[in-house]
Amino acid sequence: MTLTSKTLFITGGSRGIGLAIACRAARDGANIVVAAKTADPHPKLPGTIYTAAKEIEEAGGTALPLVVDVRDELSVMRAVEQAVERFGGIDILVNNASALSLTNTPSTDMKRYDLMQQINVRGTYLCTRATLPHLSRAVNPHILNLAPPLDLDPKWFGPHVAYSIAKFGMSLCTLGHAREFKSLGVAVNSLWPLTTIDTAAVRNKLGDKAGSSRSAEIMADAAYAILIKEATEVTGNFFLDEEVLRSEGVEDFSHYAGDPQAPLAADYFVSDEIIARVPTPLIRLPDLVG
């Protein structure tokens, strides 16, 4: 199974992991809806929906760049209608859009709290609800949430309660929607990186430690491996990128390393139990855990 002629609706697809997933699908000739806010160049962040569309087309896909605010129901509904009008349906939803603020409670004002809740949790729920009528009519429909494995260890909440609530809220959408949509044949899964991923947000947070990250292509390859599986046979899972690829027979991950000499750092929300079971040696960065 491939993604040839499949239509993917990817939120936050103008850069980073979302764009990497889009370009990997484009290599099969997929249709990609780039649903993101960035129409004009950002002073600090690379990429717009139009530069992303260009990369997708160059990779072999067909792109539809749309300015979408996942907090705005009308914006999302309009984008879904445009996608269906252009491509005839939607086969896959990738809920990638996310807001990040690794701040404690006194430092997180309500505007920032609301932003994370509205983009991460509400945006995931809204986009899922908006695309569901079309996914339920698709052949082999998938929803993939970029969200961590569920883990209620207080160490993930203490340093940044607001952000953790928002990210695990996306995970709860995976848990609930997988059960709710099972009878419709719509797969709902989460994907999370084992290591930090070299994105603008990680570079801003880790600075010179960002070399301990892998490229976004590992997440793209793992997402692809999930999305070509039979939807009725793979749902309700909390996947980690490396474990997905190992199950596909991949043993060499060196080409994903940002700095081959730097030790790889475990990402946020990667538990000690996960670290113990994977073959890859990982270090803990104090910035990533309480």
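The values are calculated or read from the model by the stated rules, or taken from the named source; none is laboratory data. Everything numeric here is computed off the predicted structure, so don't read it as measured data. Cβ: placed from backbone, ideal geometry, glycine included. Neighbour counts: every protein chain shown. Ligands, DNA and RNA are stripped out before the accessible areas are found, and what is left, the full protein with its side chains, is counted by its heavy atoms. Shrake-Rupley method; radii C 1.70, N 1.55, O 1.52, S 1.80 Å.
The rows are residues; the columns are (1) of a type in the set (D, E); (2) part of a helix (DSSP H, G or I).
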{"position": "E57", "(1), (2)": "yes, yes"}
{"position": "D69", "(1), (2)": "yes, no"}
{"position": "V80", "(1), (2)": "no, yes"}
{"position": "I90", "(1), (2)": "no, no"}
{"position": "Y113", "(1), (2)": "no, yes"}
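Could you grab me the full set of residues in region 266-283 that are exposed (fewer than 13 other Cβ atoms within 10 Å of the Cβ) and either within 19 Å of the chain's Cα centre (by Cα) or within 19 Å of L150 (Cα to Cα) (or both)?
D272, E273, A276, R277
Are there any pairs with C-beta distances below 9 angstrom linking a residue in region 262-286 that is farther than 15 Å from R214 by Cβ to a residue that is of a type outside the set (A, V, I, L, M) and in a strand (DSSP E or B), with the two at least 6 apart or on different chains, and if so which?
Qualifying pairs under 9 Å: F269/W192.
Suppose we filter region 105-157 for residues that are small (G, A, S) and free of Cβ contacts under 8 Å to residues at least 40 places away in the same chain; how many remain?
Let us first name the residues in region 105-157 that are small (G, A, S), namely 107, 123, 130, 136, 138, 147.
Filter once more, so that each one left must be free of Cβ contacts under 8 Å to residues at least 40 places away in the same chain: 107.
Adding up the residues that qualify gives 1.
Got a number for residues in region 1-19 being farther than 20 Å from Q82 by Cβ and either assigned to a strand (DSSP E or B) or open to solvent by 10 Å² or more (accessible area, probe 1.4 Å) (or both)? Step through it out loud before you land on a result.
Let us first name the residues in region 1-19 that are farther than 20 Å from Q82 by Cβ, namely 1-4, 15-17.
Narrowing further to those that are either assigned to a strand (DSSP E or B) or open to solvent by 10 Å² or more (accessible area, probe 1.4 Å) (or both): 1-2, 4, 15-17.
Qualifying residue count for the region: 6.
Among the residues of region 219-251, which ones are open to solvent by less than 40 Å² (accessible area, probe 1.4 Å), of a type in the set (D, E, K, R) and part of a loop (DSSP other than H, G, I, E, B)?
Residues satisfying the conditions do not exist here.
Do we have L66 as out of contact with any Leu (no Cβ under 7 Å at 6 or more places or on another chain), aliphatic (A, V, I, L, M) and open to solvent by 40 Å² or more (accessible area, probe 1.4 Å) here?
Spelling it out, it is not the case that L66 is out of contact with any Leu (no Cβ under 7 Å at 6 or more places or on another chain), aliphatic (A, V, I, L, M) and open to solvent by 40 Å² or more (accessible area, probe 1.4 Å).
For region 140-161, state whether one or more residues are part of a helix (DSSP H, G or I), among the basic types (K, R), surrounded by fewer than 16 Cβ atoms within 10 Å (Cβ to Cβ) and modelled with pLDDT under 95.
Within region 140-161, one or more residues are part of a helix (DSSP H, G or I), among the basic types (K, R), surrounded by fewer than 16 Cβ atoms within 10 Å (Cβ to Cβ) and modelled with pLDDT under 95.
Could you list, in sequence order, the residues of region 20-49 that are surrounded by fewer than 22 Cβ atoms within 10 Å (Cβ to Cβ) and farther than 15 Å from A59 by Cα?
Hits for region 20-49 are K37, T38, A39, D40, P41, H42, P43, K44, L45, P46, G47, T48.
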